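Chemist: One structure is given below, represented as structure tokens, and several questions about it will come after.
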Amino acid sequence: MGFIKKALDKPRTLFLRRALFQIHLWAGIAIGIYALLIGISGSILVFREDLQEMRLHPYETVTVPAGSARQSPDAWLAVLRRELGPRGQMTIELPQKPEDPVHAFLFREGGMHHYFLNPYTSEVMGQVSFKGGFLAFLHTFHGNLFLMRPGRLVNGYGALLLLLLIVTGAFIWWPGRRLWRRRMGIDFSASGKRINWDLHNATGFWSLSGFALLCLTGAFFTWPQFFRDAIGKRWPLSPPAQVKPVIMAGAPAASMESIIAAADKALPEKPSWRVQYPPNNREVVRVWKLGPGMPEHRTATQIWVHPQTAEVLRVDRFENRTTGDKIAGWIAPLHIGNFGGLPVRIVYAILGVVPGLLFITGFIMWWDRVVRKRWRSWKTAPNEEKETIAAA
């Protein structure tokens, strides 16, 4: 019987399968606790934006005064600069509807700070800071294990090791053409050992593609340039945007109103959504125009504006981005799950539990088949045989 015939009908007779089983077993034991913790933390972090939204929600609507008009963007900017200081990169989200507030946020002192202004009075409605806390703890653990770059490297190699478990597990899972359908379900009327066995196999089968996607995209955060280079070999990527304005000594900064007007003139068919001010007055001001679908960076058009003259220096339309740009832009969202609404987040939360479930069910099988069997043999064996059993 040839190799392919054995692989299709009698895979248990192959030496390769036995070798892959040992790799799968010991790699799973070595990385099991890590996979469980990284998966659970990821499942919780999928809902991070929802949990933060609960704190931001009370300030996301204003009462529209009868007969009143919004104050100018420069009035808003003056209040925000007074509250937040003249330094630091600040992003201002412009109101799109009459009841929308002005929403500004910036990162400082180890956390994200949000400010909400009434656009009709320029009064500060409230502020919310996300600094420390349980979610920040989980985010740091999940991202770098509290070890910064060394921890990110551990996560990268951990993702590759989990991919190895997926590949070896897929080969081991295959029982032959006659029995493969049985591995896809769980017989809850069977014994506890059988249910555990079915749970391990069925979970591995149904989660294989999603779990592999999380591992592959997770490795991106450790080696982003490697992934971009790999994508660029097949689909060209746009060169990084490098817009350096010529700064005139002593010239005043352009008004926020003129910056928005310049962006609107350059692209009048789309509303201005965000204005990002740099940490100093020597860099460009960026304006985001709402793109198709969700108003997010990956679908928005960006416009670079001179901070003193309000001259438009560059327009980066989402529609003009290359296929490579769009593929690279989707890697992070595909790992985080911040697209598609609540159904997608629920799926991602379930996928995050998969590594722990596979580790627990696999550990139970190993304990029952190997550790417990050897323990019983050791207890019943004569004293002169115990050393041999323990060393086996």
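None of the figures in this text is laboratory data; all of them are computed from the coordinates on show. This structure is a prediction, so every number in the text was calculated from the model and none was measured. Cβ coordinates were reconstructed from backbone atoms using ideal geometry, including for glycine residues, and neighbour counts include every protein chain displayed.
Chemist: How much of the pair distance distribution for segment 242-314 lies past 18 Å, counting alpha-carbon pairs only, in percent?
Modeler: I get 35 percent for the Cα pairs in segment 242-314 exceeding 18 Å.
Chemist: Same structure again: Of all DSSP beta bridges in segment 64-130, what percent run antiparallel (nearest 5)?
Modeler: Beta bridges within segment 64-130, antiparallel portion: roughly 100 percent.
Chemist: Which aspartates and glutamates, on any chain, are close to residue 193 with Cα under 19 Å apart, when same-chain ones fewer than 8 places away are left out?
Modeler: Correct list for residue 193: 368.
Chemist: Could I ask something else about it? So how tilted is helix 149-173 from the main axis of the chain? Cα-based, degrees 0 to 90, rounded to 10.
Modeler: For helix 149-173, the angle is close to 50 degrees.
Chemist: Right, another one. Taking N as the number of residues in the chain, what value does Rg over Cα atoms divided by 2.2 N^0.38 Å take? Could the numbers behind the result be given before it?
Modeler: Numbers: Rg = 28.0 Å, N = 392, 2.2 N^0.38 = 21.3 Å.
For the chain, the normalised Cα radius of gyration comes out at 1.32.
Chemist: Tell me, in nm to one decimal, what length is gained between residue 280 and residue 26 on full extension, where the rule is 0.36 nm per residue of separation less the Cα-Cα distance?
Modeler: 86.1 nm
Chemist: Continuing with this model, one more query. How high is the relative contact order of the chain, in percent, counting Cα pairs under 8 Å that sit 6 or more residues apart?
Modeler: Numbers: 530 pairs, mean separation 78.5, N = 392.
Here the relative contact order equals 20 percent.
Chemist: Over segment 64-130, what portion of Cα pair distances is larger than 20 Å, expressed as a whole percent?
Modeler: On the way: 536 of 2211 pairs.
Here the long-distance tail beyond 20 Å is 24 percent of all Cα pairs in segment 64-130.
Chemist: Would you kindly derive the ³J(HN,Hα) couplings of segment 349-360 from the backbone phi angles with the Karplus curve 6.51 cos²θ - 1.76 cosθ + 1.60 (θ = phi - 60°), listing them in order in whole Hz, with x for Gly and Pro?
Modeler: Values, residue by residue: 4, 5, 4, x, 7, 4, x, x, 5, 5, 5, 5 Hz.
Chemist: In the structure shown, do any of 97/289; 97/131; 265/289; 244/326 have a Cα-Cα gap over 18 Å, and if so which? Present the calculation step by step, with values, prior to reporting the outcome.
Modeler: Values: 97/289 15 Å; 97/131 29 Å; 265/289 12 Å; 244/326 25 Å.
Where the Cα-Cα span goes over 18 Å, the pairs concerned are 97/131; 244/326.
Chemist: Could you give the angle, 0 to 90 degrees to the nearest 10, between helix 256-266's Cα long axis and the longest principal axis of the Cα atoms of the chain?
Modeler: Around 70 degrees separate the two axes.
Chemist: Output the 0 to 90 degree angle, nearest 10, between the alpha-carbon long axis of helix 192-220 and the longest principal axis computed from the alpha carbons of the chain.
Modeler: Long axis of 192-220 versus the principal axis of the chain: about 40 degrees.
Chemist: Enumerate by residue number the chymotrypsin sites (Phe, Trp or Tyr not before Pro) in segment 143-174 meeting two conditions: DSSP loop (anything except H, G, I, E, B), and at most 11 other Cβ atoms within 10 Å of the site's Cβ.
Modeler: Passing sites in segment 143-174 are 146.
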